[in-house]
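Where a number appears in this text, it was derived from the coordinates with a stated rule and is not lab data. Since the structure is predicted, the reported quantities are computational estimates derived from the model, not experimental observations. Note that each Cβ is placed from the backbone with ideal geometry, even for glycine, and that neighbours are counted across all protein chains shown.
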C-alpha cells in the first residue's frame, strides 16, 4: 500500500492524517513518551515504560520539584539518558516528536491532559478511573474518537494471564446460567486524622496541582497519597481499588452471559448505594463502609466496601466473584479459582500482575491502531462509570435511574449535580463535547 492509499484508508477509519502519519512513523521508529505525575503510581508507570526496549521517556512532568528531579535522575542512572523535566505537560504536547502521554496523576488530573493529548494527536495511557466524574469520562471518550487516538486505561487485570484464564473457564460455560456477580474491597486503610492547614512544601506548584478544583488552603492530607479521600480530587476507594474489581466482575458477568448466547448492557439501568463514614473519625469525605447495587435489567452486580477490616472474602481481601447455577469463579489480583455447585474447587491458578504487559499492549496498539485490551471507550469508561454512578447514588441518597444516551439521571435534577463539577476553575475548564 502506498502512502496516499494508506492515508485515505486511515481517514475512512476515522483517523486524522496526522494520526495516520504517526502510526506509519511508529511502525519503524522508537516510541517517545512523556510521563506525567510521577510520585506514587505514576512512579511505577515511569519505571515500567522506561523498561520497554522500544520506548524513550523523553519528558518527565510533575508539580513537585523534589519528586521531579529525583525521578529524572533515577531514570538517567538506570538508562543513561536523562529526560527533560517539565512542570507543564502542554510543553510535551507541543513537541511533534512525542508520540504519547502517560498519566499517573490524581483523579482530578486525568481528563484534561487526556483530552489535550488527543487534540495534539498523541496517544494516551491514563490511570484509573477514567476521570473525576461522569462527564469527564464521557468527554475523554469523545476526544479519543474524534481524533482517532489509542487510549488505554490502567486496569492492568485486562492483561493478566490469571484473569484471562478465568474468563476462558467462564466462556466455556462451566458455571452455567449466571445472573449475579459481586466485587469487594476489604483491605484495611488508615485513619488520616484532622491535621491543620499549612503552607505547601517548598518546590510544589500548588495552584497547578489544584487545577480545575476549587481554590483552598493547602492541607497535607488533601495532597500526596490521601487526596483520593476528598470530593474535590478523588473518587474514594470505589474509584481507587474498586474500579479494578468492578472491571473484573463486569468482565466475568459479560463473558458468562455471552456464553449463553446473550448480551448484557455495558451500562446499568439503575444504581443504589448505602453506607457512610461509619468507622474512621478523620478528615475523609468518601465513605469507609458502602454497598452498591447495579441493576442490569435481569442481571445484578454488587460492590461491597469496608476499608476498616482486614479479613478476606472467598480468600481475597480485594476480589470479584461470578456465580452460576452450576458453580462459581473467584478472582483476585494474583489468582483465580473455580468451584462446583457444592463449593468444591475444580481448578485455578496463581500469578503476578502484568503491569509490563499492559504497557506493552498499549505500545503495540499505537503501532497497529487496534483497540487495546483496556480501550477507553469499550472497557475503561464503562467500568469507571460504575464507580462514578455508585458515588453519585451514595451522595444523592436514593436509587438513580441512568439514561446513558442522554447522560442524565432521569427526572432527578438534584442527582444530576453529580454528573460533573459545579464549576471548573479557570483556565482548567472541561470542554463541551460539541466543542471538541
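Descriptive notes on the structure:
- For region 356-376 versus region 394-436, the gap between their alpha-carbon centres in whole angstrom: 30
- Relative contact order of region 267-307, taken over Cα pairs closer than 8 Å and 6 or more residues apart, is 39 percent.
- Taking region 210-352 and dividing mean pair separation by its residue count, relative contact order in percent (alpha carbons under 8 Å, at least six apart): 15
- Candidates 205, 281, 62, ranked by Gaussian network fluctuation over the chain, Cα under 10 Å, top entry: 281
- The ranking of 56, 247, 77 by Cβ neighbour count inside 10 Å, starting from the fewest, reads 77, 56, 247.
- The eigenvalues of the Cα gyration tensor, multiplied by 5 and square-rooted, give the chain an equivalent ellipsoid with semi-axes of 33, 28, 22 Å from largest to smallest.
- Region 82-241: C-alpha gyration tensor shape, a/c 1.5 cut-off, then a/b vs b/c: oblate
- For the chain: relative contact order, % (alpha-carbon pairs under 8 angstrom, 6 or more apart): 19
- Taking every DSSP bridge with both residues inside the chain, close to 60 percent are antiparallel.
- Judged by the mean number of other Cβ atoms found within 10 Å, the most tightly packed of the peptides 251-259, 131-139 leads the ranking 131-139, 251-259.
- Quarter of Cα convex hull surface for region 345-394, i.e. mean projection, nm²: 6.1
- The separation of region 92-122 from region 278-313, counted between C-alpha centres, amounts to 32 Å.
- Ranked for footprinting exposure by Cβ neighbours inside 10 Å, fewest first, 34, 365 give 365, 34.
- Residue exposure proxy: 424, 303, ordered by other Cβ atoms within 10 angstrom of their Cβ from fewest to most, comes out as 424, 303.
- Anisotropy class of region 184-315 from Cα gyration tensor, a/c 1.5 cut: prolate
- For the chain, the mean residue ellipticity at 222 nm estimated from helices alone is -9500 deg cm²/dmol, where every DSSP H run of n ≥ 4 contributes -39500 (n - 2.57) and the total is divided by all residues, rounded to the nearest 500.
- Each peptide in 47-53, 345-351, 407-413 was scored by the mean count of other Cβ atoms within 10 Å over its residues; highest first, the order is 47-53, 407-413, 345-351.
- Shape of region 53-170 from the C-alpha gyration tensor: oblate (a/c of 1.5 or more and a/b not above b/c, with a ≥ b ≥ c the square roots of its eigenvalues).
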